[in-house]
1. I'm trying to understand the selection: among the residues of segment 293-321, which are among the charged types (D, E, K, R) and within 15 Å of the chain's Cα centre (by Cα)?
2. Only one of these is assigned by TED's automatic domain parsing to the domain that holds VAL63, charged (D, E, K, R) and touching a helix residue (DSSP H, G or I) at 6+ places or on another chain (Cβ under 9 Å): ASP316, ASP280, ASP287. Name it.
3. Can you name every residue in segment 128-179 that is under 18 Å from GLY263 (Cα atoms) and not hydrophobic (A, V, I, L, M, F, W, C)?
4. Considering segment 284-299 alone, what residues qualify as being crowded, with 23+ Cβ neighbours inside 10 Å and assigned to a strand (DSSP E or B)?
5. Tell me which residues, restricted to segment 443-475, are within 29 Å of SER386 (Cβ to Cβ) and either in a loop (DSSP other than H, G, I, E, B) or free of Cβ contacts under 8 Å to residues at least 60 places away in the same chain (or both).
6. Just one of THR452, THR404, THR379, THR442 is under 34 Å from the mean Cα position of the chain (by Cα), closer than 29 Å to LEU299 by Cα and not assigned by TED's automatic domain parsing to the domain that holds TYR301; which is it?
7. Name the residue that is farthest from PRO64 (Cα to Cα), counting only residues in segment 263-292 that are small (Gly, Ala, Ser) and in contact with a strand residue (DSSP E or B) (Cβ under 7 Å, 6 or more places away or on another chain).
Amino acid sequence: MNSRPSLRVGLTAASLLAVVLPMTVPQSAQAAANRIRLGSSADVSRSSWNGPAFTMNGAGAVVPASMTRALNDIRANTGTLDVVVLAGSSPTSGSKTPECDTIMGLTGVNSCTTWTLTASNDGNNSQVNTDIRNAEFVYFAGGDQCRYAAWKGTALEASVESVVAKGGGAGGGSAGHHINSPVVYDACNGSVTSTEALANPYDRAVSFTTGMFQWADYAGVVNDSHFVARDRMGRTMAFLARAVKDGLTTGGAAWGVGVEEGGGSLYIDRNGMGTQYGKDAYVVLADHQPEQAVDRKPLTYSGFKIWRLTPGTTFDFRNRPTCGYYLRSVTNGVPDSGLYNGTPVTNCGAQNGGALTESEPNDTRDTADDATALSSPATITGSMGSSSDRDHFKVGLASGETATLQCDVPAAYDADVYWLDSAGSTLERSVNDGAGTDEALTFTRTASGAGTYYLGVEAYSGSGTSPYTCTLSRS
């Protein structure tokens with residue numbers, strides 16, 4: 001007993017450090033990449049799988065219904081498969097494997113392995129990548145999508161892609177939902193609210209990671225989560241305006257997929273068909289350049305197209321619909337009311353190359369028929385169904401582009417035409433008197449970038465079913 005004090009007195013500072021370090025290094029390494037496997041210790045071996053399949057969840061938890069659908073589709077309802085869950089941190093309470101606890105209760109699961117990775121270089125951990133490549137589904141847990149974005153360019157990225165390529169699947173919830181879109185709102189500079197993003201779409205907290213996962217049929221998408229509960233429609237609108245303005249997506253359009261928490265899950269099958277489970281989801285389309293999206297100025301964007309997906313409804317991501325949406329706009333950072341519910345447009349006009357026939361209701365800019373994609377010259381037809389009828393058509397112009405309009409008006413009524421800006425102000429008009437009197441106007445966009453305008457055809461007197469025909473040329 002008496003020998004212990006003399007031994008302590010004889011230790012130098014350097015020798016004390018040598019005693020302590022071997023105890024702390026293993027703990028740090030274990031915290032960086034921690035593995036917990038449930039189920040069989042041996043992976044399933046099988047020559048082919050029937051995916052891919054994806055689950056996009058509004059909160060971090062696994063949704064049993066959509067996950068069961070994914071696993072059953074991948075394994076073609078026969079045999080079993082292996083799942084890997086990737087997390088950026090361990091739960092602060094309760095089970096250390098909450099996602100695998102749920103997954104192991106589902107039919108057809110051989111094993112579920114949770115990897116908690118807290119350092120970006122953990123994406124190159126050989127055991128992590130072996131487990132992923134041997135799995136048939138990879139689920140990203142909730143947490144911090146910035147940590148997940150840090151795995152871009154590591155071996156982990158290619159390993160997850162290999163799972164999808166062999167007919168497996170991927171998905172996640174909350175942060176794990178974000179990371180599965182080709183344009184990732186990464187929150188690396190902090191989270192942003194809808195109010196903040198609309199007030200300045202170039203706010204420092206609006207940051208993106210691109211080029212990580214690009215799943216088939218899911219191009220041009222920015223995911224968002226906890227969508228209705230945390231009122232995130234506004235910030236998704238800002239994300240999409242930024243994506244279009246900055247060229248983060250191709251084709252001049254960007255799509256948002258916002259999924260609600262509390263059991264909301266969007267399942268996407270091998271053919272690109274999405275089916276909604278549990279709670280609502282929203283698909284939001286920005287298909288033209290914003291009227292205003294610059295640093296330290298509020299967003300102005302007219303005519304976001306919004307599809308509301310209630311549980312059980314579908315959305316074809318491979319052949320994306322051109323109808324069934326409702327329209328909402330943002331003016332000087334203030335969004336329209338009713339962002340989460342609207343009357344869908346069910347007849348979006350009979351478009352055929354350079355022709356468009358009006359579809360009612362199109363009495364406001366929010367319900368305007370979209371003539372932007374028509375080739376020039378385009379033929380636009382409609383009728384003045386009542387003496388108070390006013391038809392609206394949306395038209396996009398590039399900087400320096402001129403729109404010329406010639407309208408043949410039938411003898412049944414007197415109609416006037418107006419060229420409106422995105423806020424509804426009249427820029428040009430033609431108001432010739434007399435039933436059957438034709439109208440014409442010309443407008444040139446001089447501002448930089450692209451802009452959205454509206455053609456308004458208004459009944460001045462009379463009405464009838466006889467059609468008016470307007471020829472719209474752009475040069």
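1. LYS305, ARG308, ASP316, ARG318, ARG320
2. ASP287
3. Hits for segment 128-179 are TYR139, GLY142, GLY143, GLY171, GLY172, GLY173, SER174, GLY176, HIS177, HIS178.
4. VAL284, ALA286
5. Across segment 443-475, the qualifying residues are PHE443, TYR453, TYR460, SER463, GLY464, THR465, SER466, PRO467.
6. Matching residue, one of THR452, THR404, THR379, THR442: THR452.
7. Initial filter on segment 263-292 (small (Gly, Ala, Ser)): 263-265, 272, 274, 278, 281, 286.
From the residues that got through so far, the ones that are in contact with a strand residue (DSSP E or B) (Cβ under 7 Å, 6 or more places away or on another chain) too are 264-265, 272, 274, 278, 281, 286.
Details: GLY264: 11, SER265: 10, GLY272: 20, GLY274: 16, GLY278: 10, ALA281: 17, ALA286: 32 Å.
Within segment 263-292, the match that is farthest from PRO64 (Cα to Cα) is ALA286.
To keep it simple, each residue is scored yes or no on (1) within 26 Å of the chain's Cα centre (by Cα); (2) modelled with pLDDT of 90 or more; (3) not in a strand (DSSP E or B).
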{"position": "ASN341", "(1), (2), (3)": "yes, yes, yes"}
{"position": "GLY349", "(1), (2), (3)": "yes, no, yes"}
{"position": "LYS394", "(1), (2), (3)": "yes, yes, no"}
{"position": "ASP433", "(1), (2), (3)": "no, yes, yes"}
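The values are calculated or read from the model by the stated rules, or taken from the named source; none is laboratory data. Fair warning: this is a prediction, and the values are worked out from it, not measured in the lab. Don't worry about glycine lacking a Cβ; one is built from the backbone with ideal geometry, like all the others, and counts go over all protein chains shown.
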